[in-house]
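Report on one structure; see the data block that follows.
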Amino acid sequence: MNKVKDILKICVYQFRIQMVSKRVWLGYLLGIVIIMKQSFGYFVYADSLKESINVLEAFVIAGNNYNTAMFLVLGWLLVISEAPFINSNSLYLIYRTNKKNWNAAMILYIFYQAIIYYSLIAGCTMLFSVKNGFFSNVWSNPIVRLTENVDKIKEINVYFPYTAFIKEISVFQAFLYTWILCFLYGLILGLFLYTFNLFSNQIAGAVAVFLFHFLGYEIMKEGFMVIIKYSLLARSIPVLQIGEDLGVTFHGTLFVYAITIFMLNGVSKNIVKFTDFREASRGEGE
């Protein structure tokens, strides 16, 4: 019990420190801007038809857009850019407990922070949909018509030609699948950044995670219909796994993500044993 209490206390302390950080709030703001930029076209499209939309649809459309998937993590990485969160003040907490507990607390912090980030951006799309929206497990007429239009409506930048997708699953399922995959992919990037920074500096960690993310984008872009299953980024987009025969399934992706998270957690447990916290705290302060 004492171990659990220590971990929770450190996690809460980390939230208190980070939630007054300008980087965290700028990350939230950036994420909201990116998701709303993609959602705005759908709002305009629905208004032009003078019909109501489901409040969950905007996030589904934006979350399944390749460009949104590529750039949405920028806000998230800004939120956790101070990983591994070691400074002169946190050294006192580390000495009062141990490295293992500290590591567990930081992983727990990243987990809950990811929930907040992705819930916030999803909530914003729902909030802006309320004026002309409804909440139900039924697809609206605007999105049905949009899926039947295979050409991108360039004037308002809206594109969602996935008829099989909305026929195979409900709105609630689509929203849940989209949010879960976005969240898990973001969590993986967060753990990757944290783990890498345990034995390097923040700049090197940021470069490494961006290269990892960009590699996933290139695989998705160049390997469509061929090697898409090897891109963790591509796996975060449900329309590539539901309603299409691409050799990738939602449950298969959950398994891959779970294994990846488990491995990163194990690696961080081993690396933190050899981390020089005094040296790391000096690096944070510079």
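The values are calculated or read from the model by the stated rules, or taken from the named source; none is laboratory data. Keep in mind that what you see is a predicted model, and the values were worked out from it rather than measured. With ideal geometry, Cβ positions are generated from the backbone for all residues, glycine too; neighbour counts draw on all protein chains shown. When the accessible area is computed, the model is the full protein with side chains, heavy atoms only, and any ligands, DNA or RNA have been set aside. Shrake-Rupley method; radii C 1.70, N 1.55, O 1.52, S 1.80 Å.
Let's see how each residue does on (1) touching an Asp or Glu at 6+ places or on another chain (Cβ under 9 Å); (2) crowded, with 17+ Cβ neighbours inside 10 Å:
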{"site": "12", "(1), (2)": "no, no"}
{"site": "24", "(1), (2)": "yes, yes"}
{"site": "27", "(1), (2)": "no, yes"}
{"site": "33", "(1), (2)": "no, no"}
{"site": "44", "(1), (2)": "yes, no"}
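Checked against (1) closer than 22 Å to residue 116 by Cβ; (2) loosely packed, with under 15 Cβ neighbours inside 10 Å; (3) not basic (Lys, Arg), residue 215 passes all but condition (1). Within the stretch 223-241, residues that are within 21 Å of residue 160 (Cα to Cα) and among the hydrophobic types (A, V, I, L, M, F, W, C) reach partners that are at pLDDT 85 or above and assigned to a loop (DSSP other than H, G, I, E, B) with beta carbons closer than 7 Å, at six or more positions or on different chains, in the pairs 237/64; 239/64; 239/162.
In the stretch 167-208, of all residues being more than 29 Å from residue 113 (Cβ to Cβ) and in contact (Cβ under 8 Å) with a residue 40 or more places away in the chain, the one that is least open to solvent (accessible area, probe 1.4 Å) corresponds to 168.
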